[in-house]
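First up is the structure itself, then whatever we jot down about it.
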Amino acid sequence: MAVAALALHQQWLSFSNPITRTRPWLPGRTTTLTHLQIHKNLAGISLISCSSSSTSQSTDANTETAESCVNLGLQLFSKGRVKDALVQFETALSLDPNPIEAQAALYNKACCHAYKGEGRKAADCLRTALREYNLKFGTILNDPDLASFRALPEFKELQEEARLGGEDIGYSFRRDLKLISEVQAPFRGIRRFFYVAFSAAAGISTFFTVPRLFRAISGGDDAPDLWETAGNVAINIGGLIVLVALFLWENKKEEEQLTQISRDENLSRLPLRLSTNRIVELVQLRDTVRPVILAGKKETVTLSIQQAARFRTELLRRGVLLVPVIWDEVRAPQIEKKGFGAPSKAAAALPSIGEEFEKRTQSITAKSKLKAEIRFKAEVVSPSEWERWIRDQQKSEGVTPGEDVYIILRLDGRVRRSGKGMPNWQQIVEELPPIEALLSKLER
C-alpha cells in the first residue's frame, strides 16, 4: 500500500529515502509533517503512515477526523487486520474529507480490497480516485502491492478507461529507457560526436577537392597533380562513407539495446502466483530465485516438470523456480471501452509512489518472508501477457514464435540463456551454482 496518510492542509510531498522521509511545507503554514515511515505487515504489504505536529494549539486527541482514521487504518493494516483497516478507510470517507484525504482513503481502501481478492471493489475505488481526486495512474502501475490487482481483468478495463480519458498509462520506466541505455553504453554520445565532427570535416574537404580534381582532369599549366588530387578526393569520400556508416550502426545498436531493455522491464512486470496463493511480480523475486520458464504444449511442459522433480533438491539449492506457460491456454478478456470524462473535484495529486523502477523493489516484503512462500513451481497469472513476451523473445532470437522453448533467468532478473525444446535438468544442475555460492552473489 503506497499512498501516504495525510496531514491537514497537505499540499505536496518530497521523498528523501525509502525508510524515513521528511516533507517541507510551504512558507506560512503552521502545520508540519515531520515523518513518513514505511511499515511492512506480515503479508508483505508496504504502508506509509505519517505523523504531524502543529505550532497551533492541538485539538482534542479523541476527536475522530478523516486524517486520524486513515492513519489508524494504515496501522491496522500493518498488523494484518485488513477488515478493521477497511472500516477505518470507509469511516474516513464518511467524515467529509478534503480532496487529499479522500484520495488517500480511496486508494488505501482499494489496496484492502485487492488484498482480499475483490477486484471489482478495488477498481471502483481507484476509478473514483482517478476521476474525482486526480490520482495519478502511475501510482497504480508502479505499486508492487497492487500486483494481484494488475493481474485481473478489472485492471485492464480501468487502464483502457484511463487511456480514453487522456491519462498517461505508460509504464514509468519507459521514460527512463534512454537514461538506462546511456548508463550501459556511456561513451556512445562521445563516439557520435566524433563521427559527426569528422564527417563534417570530410564533407567540407570533399567540397573543396572535387573542383580541384576537375581542374586536374582538364589540365593546364596551373592544374594540380591529378593522382594526388584524386587520392585526396578518394580518402575524403571513403572517410565520409565510413563515418556515416558508423553513425548509422551506432543508432541501430542503440535501438536494439532500447528494445532489449524494454523487453527486460516488461518481463519484470509479469505476475506469478506462489504456492501460498500470493501474487507477485517477477521483480519482487530478484536476488531470491532463478525462474526457469517452460513454454510449450501442455504434454511437453508436464513431462519436463516431472523430469525436473527428480532433481528437485539440487534445483532448489540453486534457487530454481519452475514457471510453466502453456500455449493458448487462456485468451485475453474483452474490454469495454469507456472514458473517464472531466474530474469534478481534482486535488493536488500525490506523487506516484515508486515512479522510478528501482524504487519498486524497496517496498516488497522482507526477503526472508518471501523465501518462505516460494516453492518448486509457480503459476503464471495473465497467461496472454506471458505468451506475448515469450513470442517477442523468440522473434528477437530468430526462433519461430510458438515453438516449445525454455528460458533461464539470472538472479538479477535478466535472461541467462534459452533454447528450443525443454531443458536438460542434469546439465542445469551442473551449470548453476548454489544460491549461497560466491558466483551467485556476483550474479545479483
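The values are calculated or read from the model by the stated rules, or taken from the named source; none is laboratory data. Being a predicted model, the structure only gives us computed values, none of them experimental. Note: ideal-geometry Cβ built from the backbone for every residue, glycine included; neighbour counts use all protein chains shown. When the accessible area is computed, the model is the full protein with side chains, heavy atoms only, and any ligands, DNA or RNA have been set aside. Shrake-Rupley method; radii C 1.70, N 1.55, O 1.52, S 1.80 Å.
Looking for whichever is closer than 19 Å to I390 by Cα, open to solvent by 10 Å² or more (accessible area, probe 1.4 Å) and not hydroxyl-bearing (S, T, Y) here; the options are R273, R278. Which one fits?
Details: R278 fails: closer than 19 Å to I390 by Cα.
On inspection, the qualifying residue turns out to be R273.
With D328, D287 as the choices, which residue is more than 22 Å from V429 (Cα to Cα) and acidic (D, E)?
Residue meeting the stated conditions: D328.
For segment 310-323, what are the residues that are surrounded by fewer than 18 Cβ atoms within 10 Å (Cβ to Cβ) and either of a type in the set (K, R) or closer than 23 Å to E403 by Cβ (or both)?
The answer is R310, R312, R317.
Here are the criteria: (1) modelled with pLDDT of 80 or more; (2) open to solvent by 30 Å² or more (accessible area, probe 1.4 Å). Tell me which single one A129 does not satisfy.
(2)
Looking at segment 281-309 only, could you name the residues that are open to solvent by 40 Å² or more (accessible area, probe 1.4 Å) and either more than 22 Å from E436 (Cα to Cα) or of a type in the set (S, T, Y) (or both)?
Listed by number, the residues that qualify are K297, K298, E299, T300, T302, L303, Q306, Q307.
For segment 385-441: of the residues being of a type in the set (G, A, S) and assigned to a loop (DSSP other than H, G, I, E, B), which is most open to solvent (accessible area, probe 1.4 Å)? Step through it out loud before you land on a result.
Going through segment 385-441, the residues of a type in the set (G, A, S) turn out to be 396, 398, 402, 413, 418-419, 421, 437, 440.
Retained after the next criterion (residues that are assigned to a loop (DSSP other than H, G, I, E, B)): 398, 402, 413, 421, 437.
Working: G398: 68, G402: 26, G413: 18, G421: 25, A437: 29 Å².
Per the criteria, the residue is G398.
Looking at (1) over 24 Å from L442 (Cα atoms); (2) open to solvent by 20 Å² or more (accessible area, probe 1.4 Å); (3) modelled with pLDDT under 85, which is the only condition S352 fails?
Only one criterion is unmet by S352, namely (2).
For S368, state whether it is among the polar types (S, T, N, Q), farther than 27 Å from Q260 by Cβ and at pLDDT below 65.
yes
What number of residues within segment 196-223 are surrounded by 14 or more Cβ atoms within 10 Å (Cβ to Cβ) and in a loop (DSSP other than H, G, I, E, B)?
Going through segment 196-223 one residue at a time, the tally reaches 1.
Run down D124, D84, D143 and say which single residue is open to solvent by 10 Å² or more (accessible area, probe 1.4 Å) and under 25 Å from G165 (Cα atoms).
Answer to the check: D124.
Here's the yes/no breakdown for (1) at pLDDT 90 or above; (2) touching a Pro at 6+ places or on another chain (Cβ under 7 Å):
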residue	(1), (2)
R278	no, no
E281	no, yes
L303	yes, no
L322	yes, no
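Hey, any hits in segment 225-240 for a residue that's in contact with a helix residue (DSSP H, G or I) (Cβ under 8 Å, 6 or more places away or on another chain), touching a residue at least 40 places away in the same chain (Cβ under 8 Å) and assigned to a helix (DSSP H, G or I)?
Scanning segment 225-240 turns up at least one residue that is in contact with a helix residue (DSSP H, G or I) (Cβ under 8 Å, 6 or more places away or on another chain), touching a residue at least 40 places away in the same chain (Cβ under 8 Å) and assigned to a helix (DSSP H, G or I).
List pairs: first residue in segment 109-138 and free of Cβ contacts under 8 Å to residues at least 24 places away in the same chain, second residue crowded, with 24+ Cβ neighbours inside 10 Å and of a type in the set (K, R) anywhere in the structure, Cβ distance under 7 angstrom, at least six positions apart or on different chains.
Correct list of pairs: C125/K109.
For segment 68-85, how many residues meet the condition of being part of a helix (DSSP H, G or I) and either of a type in the set (G, A, S) or touching a helix residue (DSSP H, G or I) at 6+ places or on another chain (Cβ under 6 Å) (or both)?
Total meeting the criteria: 11.
Checking L243 against (1) within 28 Å of K395 (Cβ to Cβ); (2) part of a helix (DSSP H, G or I), only one condition comes out false. Which one?
(1)
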